[in-house]
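The values are calculated or read from the model by the stated rules, or taken from the named source; none is laboratory data. All values reported here derive from a predicted model rather than from experimental measurement. Positions of Cβ are backbone-derived with ideal geometry, glycine not excepted, and every protein chain shown enters the neighbour counts. Ligands, DNA and RNA are excluded from the accessible area calculation, which covers all protein heavy atoms including side chains. Shrake-Rupley method; radii C 1.70, N 1.55, O 1.52, S 1.80 Å.
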Amino acid sequence: MVSVFRIEGGSPLRGAVAVPGAKNSVLKLMAATLLAPGTSELMNVPDIEDVAIMSELLRRLGCEVNHVGSTITIAVPHRPDHRADYDLVRRMRASICVLGPLLARCGAADVAVPGGDNIGSRGLDMHVDGLRKMGAHVKNEHGYLLAESEGLIGAQVFLDFPSVGATETILMAAVTAQGESIIENAAREPEIIDICMMLVGMGADISGIGSSTLIISGVNSLKPVSHRVVSDRIVAGTWAVAAVMTQGDLTISGVSPQYLALPLEKLQTAGALVESGGDTIRVRMNERAQCVDVVTLPYPGFPTDLQPQFIALNAIGQGAALVTENLFEARFRFVQELARLGADVRTDGHHALIRGREALSGAPVEATDIRAGAGLVLAGLVAQGSTTVYGVSHIDRGYAGFVETLQGLGAKIERVED
Ligand code: UD1
């Protein structure tokens, strides 16, 4: 028996929806707690499968992890274990984010190599090169990255590409290294700002936060912290696209509108009425959307994690659009599933040409990753007839209470055992 989502298309989404903390931040913040013995507290934590996997990983490292509502406490021992096993890493590639803090705290880290996934090959070369520059010895043996150091030394690290993961690994290694580290061409994603703010709360000395040059002066030790996780801009963006596609009216709260500036502008180009104020965005749509071109780039460019949702939007738009994917080479795999719903999409390398159709028609489809899954559900919400989405465990990894929230907004969707 597997869970599937059954969707009857055609209902506009209306109402209010609150956005929880960001998956792509909380996992790294949980790893960062390893840097200080004692009990740290994270608030606004989303109730998603990846948080459960990271909790399990931290427990195996000797931490005590407790969840109460949307708050988790993590009690980190004076001597954490330093091995992240393959059985967890293969379930969640973001487990690699324990590499930097374990090396900094324990002088050693044995972390299973995650391998590729359904969106691309996802190298780790920049993580490893950065740690080596800081004096670590890192080898890849029997499927594990084995890192060792007798004390990390601050270094200047130039990233070939502003990788989110590599910036985080090097940052977490640098905060307690001896002397100054500079990360040039650092990622500027809101989730990087979030981890910097948490590390500063723990006593780290970081300047240039939010810019592409992070300057870190190593401190001797860090202390536990209480920190609120930044809101999930990708979940918020998914709801915004859903409002436009279903020609509905959603008020999305608990968000930072400035972190979604470009996707919201694209939705306005598509014809949506978008109003933002404080931590709320209202998105309304009264007509069929115009197709909109999208080019994914590191922040503040258009987020790759909203690309499948925008392809779904274009699939029922007026006109045609070119979507260019610059981060993950295999992310277009899902368009074959979208084509099962009648979408007209042609891909060539990292470009996808979408010719909008007046209607999609419901069919069984398979989610291949989290965001592709979200894109397929959105398409199912507007397709004529019934759509069954398989592979929903991917969606559960990143969207808390997705089905229940959609039901509350008027969608005809249910989770059934198939
Ligand atoms: C994170 C997000 C993911 C998001 C992505 C880009 C998490 C858990 N995941 O992934 O949802 O889509 O940022 O915003 O936060 N690369 C290398 N070598 C490296 C590191 C990266 O070649 O050492 C390549 C990757 O293969 C990929 C590109 O750089 O093609 C971007 O990767 P990166 O920014 O590191 O993304 P992640 O941290 O993996």
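Between region 131-152 and region 226-274, the alpha-carbon centres lie 40 Å apart. Provide the percentage of antiparallel DSSP beta bridges, counting only those with both residues in the chain; round to the nearest 5. Within the chain, antiparallel bridges account for around 75 percent of the total. When only the Cβ of Lys, Arg, Asp and Glu is charged (+1, +1, -1, -1), the dipole of region 53-95 relative to its Cα centre reaches about 140 debye. Classify region 117-226: rounded, prolate or oblate, from the alpha-carbon gyration tensor (a ≥ b ≥ c, eigenvalue square roots; a/c under 1.5 rounded; otherwise prolate if a/b is larger than b/c)? Oblate is the answer for region 117-226, as a/c is 1.5 or above yet b/c matches or exceeds a/b. A simple count of charges around L264, restricted to other residues whose Cβ falls under 13 Å of its Cβ and scoring Lys, Arg +1 and Asp, Glu -1, yields +2. The portion of the accessible surface of the chain made up by carbon and sulfur, rounded to a whole percent, is 46 (1.4 Å probe; DNA, RNA and ligands excluded). For region 72-155, GluC sites (Glu not before Pro) are listed when DSSP marks them as loop and at most 15 other Cβ atoms sit within 10 Å of their Cβ; the list is E150.
Return the whole-Å distance between the Cα centroid of region 364-382 and the Cα centroid of region 277-341. Computed from Cα coordinates, the inter-centre distance equals 13 Å. Compared with the direct C-alpha span, the chain from D348 to F158 gains 65.3 nm at full extension, assuming 0.36 nm per residue. Find the centroid of the Cα atoms in region 50-93 and in region 154-188, then give the distance between the two in whole Å. What the calculation gives is 24 Å, centre to centre. You can think of it this way: the chain between E150 and E64 has 28.3 nm of extra reach, that is 0.36 nm per residue less the Cα-Cα gap. Over all distinct Cα-Cα pairs of the chain, the Kirkwood formula returns a hydrodynamic radius of 21.8 Å. Note on R355 and Q258: the extension gain reaches 31.9 nm, defined as 0.36 nm multiplied by sequence separation minus the Cα-Cα distance.
Reported to two decimal places, what Rg/Rh ratio describes region 171-301 when computed on Cα atoms with Rh from the Kirkwood expression? Taking Rg over the Kirkwood Rh, I get 1.11. Note that region 166-303 presents 34 Å² accessible area per residue, ligands and nucleic acids not counted, probe 1.4 Å. Evaluated with a Cβ-only charge set (Lys, Arg +1; Asp, Glu -1), the chain carries a dipole of roughly 300 debye about its Cα centre, given to the nearest 20.
In summary, the aspartates and glutamates within cross-link reach of K223, defined as a Cα separation below 18 angstrom excluding same-chain residues under 8 places away, comprise E41, E64, D194, D205.
Note on K266: lysines with a C-alpha under 30 Å away, same-chain residues under 8 apart excluded, are K23, K28, K412. Each distinct pair of alpha carbons in region 8-161 adds a 1/r term; the inverse of their mean, the Kirkwood radius, is 16.8 Å. Scanning residues 5 or more positions from G62 or on other chains, those with amide H under 5 Å from its amide H are D81, with H placed 1.01 Å from N in the peptide plane.
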